[in-house]
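The values are calculated or read from the model by the stated rules, or taken from the named source; none is laboratory data. Everything numeric here is computed off the predicted structure, so don't read it as measured data. Quick reminder, even Gly has a Cβ in these numbers, built from the backbone with ideal geometry, and neighbours come from all protein chains shown. Note: accessible area is taken over every heavy atom of the protein model, side chains too, but ligands, DNA and RNA are not part of it. Shrake-Rupley method; radii C 1.70, N 1.55, O 1.52, S 1.80 Å.
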Amino acid sequence: MSLISSVLGNRRSNVFDPFSLDIWDPFEGFPFSTTLSNAPGSAVGEASAFASARIDWKETPEAHVFKADVPGLKKEEVKVEVEDGRILQISGERRKEQEEKNDKWHRVERGSGKFLRRFRLPENAKLDQVKAAMENGVLTVTVPKEEVKKPEVKAIDISG
């Protein structure tokens, strides 16, 4: 066991504990690593674990609809803005839970940090009528579209 602990860098390990950290992490120390570097007290991976919210964008005949997964966030922690140049910006922050001196952490998997996503809206977006709602950890942003005028078709009589 001494050889294994020296290779693994004296990490907490227990053969009978399925959640022990005795697994070699080839990405440990990299800025994008979100595996073992999320242990309490580790700054690496803290921001990257929640760095970008997953967002779907669909277009319906009436509107552009954005749906963002932001589980555990309150509406006060999320910001929706429309900037000049038809840019929709969705941002927010999940703060790290306060650690107490007497707490003993067994596993830390939930990420914390800021996220920011920007989308260039098409010309047919009504920027003054954007609406946002949050329900069950899903933010829905609806951007209505201007009605497309169908070109008038005028029949021309053919003489002769």
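For (1) on the phi > 0 side of the Ramachandran plot; (2) surrounded by fewer than 13 Cβ atoms within 10 Å (Cβ to Cβ); (3) not β-branched (Val, Ile, Thr), each residue gets a yes or a no:
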| position | (1), (2), (3) |
| --- | --- |
| GLY113 | yes, no, yes |
| ARG117 | no, no, yes |
| GLN129 | no, yes, yes |
| VAL143 | no, no, no |
When you check LEU139 against the structure, is it within 22 Å of GLU76 (Cβ to Cβ), at pLDDT 95 or above and of a type in the set (A, V, I, L, M), yes or no? yes
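Taking the stretch 145-160 only, how many residues are open to solvent by less than 100 Å² (accessible area, probe 1.4 Å) and charged (D, E, K, R)?
2
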Number of positions in the stretch 98-115 that are in a strand (DSSP E or B) and touching a Gly at 6+ places or on another chain (Cβ under 8 Å): 2
Within the stretch 66-90, the residues that are in a loop (DSSP other than H, G, I, E, B) and either modelled with pLDDT of 90 or more or surrounded by 14 or more Cβ atoms within 10 Å (Cβ to Cβ) (or both) are VAL70, LEU73, LYS74, ARG86
Top-ranked residue in the stretch 131-141 [being open to solvent by 40 Å² or more (accessible area, probe 1.4 Å) and either assigned to a loop (DSSP other than H, G, I, E, B) or small (Gly, Ala, Ser) (or both); ranked as farthest from LYS67 (Cα to Cα)]: ASN136
Going through (1) open to solvent by less than 80 Å² (accessible area, probe 1.4 Å); (2) modelled with pLDDT under 90; (3) aromatic (Phe, Trp, Tyr) one by one, PHE32 fails only at (1)
Is it true that some residue in the stretch 91-111 is surrounded by 15 or more Cβ atoms within 10 Å (Cβ to Cβ), modelled with pLDDT of 90 or more and among the aliphatic types (A, V, I, L, M)? no
